[in-house]
Amino acid sequence: MKKTRGGFFVIGPLLTRFGEAVVGLPGGCDIGERPVDLYIRGFRALGAVAELRDRKMFAHAANGRGLVGGTFHLDIPSVGATETLMMAACMADGVTTLSNVAKEPEVIDLARFLNDCGACVYGGGTDKLLIKGKCHLHGSEYVVPPDRIEAGTFMLAAAITRSCISMSPIIPSHLACLISKLKIAGCRITQFNHDTLEVSAMPSNVGDHMQGFDIKTGPFPRFPTDLQPPTMALLTTCRGSNIVEESVFEKRMSHVRELQKLGADIRVCGSTALVSGGEKGSALYGSRLVAADLRGGVSLVLAGLAAEGTTEIDGIAHIDRGYENLDTKLQLLGADIKRLIR
């Protein structure tokens, strides 16, 4: 569990199916406080005894049999807590109401999958979920939707290299916020059918220089925090002074120092950064960098694609946790990139 955040979600299914679970606390990127108190209080609302000991969460049904339906209001619309409590409530005895839940596309999709498996989950995509517990679930064949953050990363790759990239499958509505910002920058976005999108940032489309824009991250449908670092990399090459405000994770600015090594003009005050590209956008120059986390690491890759000279990035294990064969995919698009084996 120390290597990834998502692995912790297994505690919900284990607890509701077997009546007890012991799971190590989650790891993942060091991007700010990511406590598990929401999980603990949520489980208690479903009739469980939950506590932390020795870097593990211990949980069991208080009645000795299984979870029971309850009502719980999330302090913040956490995706992880929403999904974990949703799975736990699916086999709890009775009806569960979860309010102030996350509305991300991944939450909606999980609700659809659970319903395909026989669960009764209502309200996916709204701020309230109603879940009627079932005694058992059954198997289902299900197609996982495309990763919107990976798709957004390649859209930004097209923009920062002033290139044209066509992507499929993609769900444009999942990336509406990024699409609107790229249009402001001058990119031409063309949707060929329901799941194919072309992003063109060729000089003939955007003029001599791309226009910058401001972003402020937030829960869906606002600008995704996971796309903040690679978007900042793009903004270093755009003209004007642009504000990047991170309102989800207070430590998600570790990539700034590395981008500065490439020549980027970025000033940070707390969780807000001022990215200055001047009249033409900053000229980036290759350097040796270190990826400190997943999304910050991929921002360095994008910046390296746009920088003159050679950029070498250490710590790419962070990037590998969220992008499968990123170097190979970029090579297929014409990038001069290779993985060094040491």
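The values are calculated or read from the model by the stated rules, or taken from the named source; none is laboratory data. Here the structure is a predicted model, which is why all the values come from computation and not from measurement. FYI the Cβ positions are ideal-geometry reconstructions off the backbone, even for glycines, and counts take in every protein chain you see.
Only residues that are under 16 Å from the mean Cα position of the chain (by Cα) and of a type in the set (Asp, Glu) were counted across region 302-330, and they come to 2. Has region 233-242 got any residue that is in a loop (DSSP other than H, G, I, E, B), within 28 Å of Val107 (Cβ to Cβ) and either outside the structural domain of Ser282 (by TED's automatic domain parsing) or touching a residue at least 24 places away in the same chain (Cβ under 8 Å) (or both)? Scanning region 233-242 turns up no residue that is in a loop (DSSP other than H, G, I, E, B), within 28 Å of Val107 (Cβ to Cβ) and either outside the structural domain of Ser282 (by TED's automatic domain parsing) or touching a residue at least 24 places away in the same chain (Cβ under 8 Å) (or both). For region 248-258, the set of residues classified as touching a strand residue (DSSP E or B) at 6+ places or on another chain (Cβ under 6 Å), at pLDDT 90 or above and of a type outside the set (D, E, K, R) consists of Met253, Val256, listed by residue number.
If you go through region 154-170 one residue at a time, do you hit one that is within 27 Å of Val101 (Cβ to Cβ) and in a helix (DSSP H, G or I)? There is no residue in region 154-170 that is within 27 Å of Val101 (Cβ to Cβ) and in a helix (DSSP H, G or I).
Just a yes or no: is a residue in region 318-330 within 23 Å of Ile149 (Cβ to Cβ), of a type in the set (Gly, Ala, Ser) and modelled with pLDDT of 95 or more? Checking region 318-330: not a single residue is within 23 Å of Ile149 (Cβ to Cβ), of a type in the set (Gly, Ala, Ser) and modelled with pLDDT of 95 or more.
A quick yes/no check of all residues on (1) at pLDDT 95 or above; (2) farther than 30 Å from Gly270 by Cα; (3) of a type in the set (Asp, Glu):
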site: Pro26; (1), (2), (3): no, no, no
site: Glu33; (1), (2), (3): no, no, yes
site: Leu38; (1), (2), (3): no, no, no
site: Ala45; (1), (2), (3): yes, yes, no
site: Leu52; (1), (2), (3): no, yes, no
site: Thr71; (1), (2), (3): yes, yes, no
site: Gly80; (1), (2), (3): no, no, no
site: Leu98; (1), (2), (3): yes, yes, no
site: Val101; (1), (2), (3): yes, no, no
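Quick check on Leu175: is it out of contact with any His (no Cβ under 9 Å at 6 or more places or on another chain), over 30 Å from Pro35 (Cα atoms) and not in a loop (DSSP other than H, G, I, E, B)? Break it down stepwise before answering.
Details: out of contact with any His (no Cβ under 9 Å at 6 or more places or on another chain): yes; over 30 Å from Pro35 (Cα atoms): no; not in a loop (DSSP other than H, G, I, E, B): yes.
Taking the combined requirement at face value, the residue does not satisfy it.
Here Glu141 passes the criteria (1) at pLDDT 95 or above; (2) over 23 Å from the mean Cα position of the chain (by Cα); (3) more than 21 Å from Pro13 (Cα to Cα); (4) loosely packed, with under 15 Cβ neighbours inside 10 Å except the one numbered (3). Spot the failing condition for Ile76; the list is (1) closer than 26 Å to Arg148 by Cα; (2) without any contact (Cβ under 8 Å) to a residue 24 or more places away in the chain; (3) exposed (fewer than 14 other Cβ atoms within 10 Å of the Cβ); (4) not hydroxyl-bearing (Ser, Thr, Tyr), and only one is missed. It is condition (2) that Ile76 fails. In the set (1) modelled with pLDDT of 95 or more; (2) surrounded by 19 or more Cβ atoms within 10 Å (Cβ to Cβ), Asp314 fails one condition alone, (2). Could you say whether any residue in region 257-273 is outside any strand (DSSP E or B), assigned by TED's automatic domain parsing to the domain that holds Ile319, buried (at least 19 other Cβ atoms within 10 Å of the Cβ) and touching a Gly at 6+ places or on another chain (Cβ under 6 Å)? No - not one qualifying residue is present in region 257-273. Only one entry of Ala159, Ala176, Ala119 meets the criterion of being crowded, with 16+ Cβ neighbours inside 10 Å and under 30 Å from Ser282 (Cβ atoms), and that entry is Ala159. The single condition among (1) without any contact (Cβ under 8 Å) to a residue 40 or more places away in the chain; (2) out of contact with any Gly (no Cβ under 6 Å at 6 or more places or on another chain); (3) surrounded by fewer than 18 Cβ atoms within 10 Å (Cβ to Cβ) that Ala62 does not meet is (2). With respect to the conditions (1) buried (at least 24 other Cβ atoms within 10 Å of the Cβ); (2) out of contact with any Cys (no Cβ under 9 Å at 6 or more places or on another chain), Thr190 lacks only one, and its number is (1).
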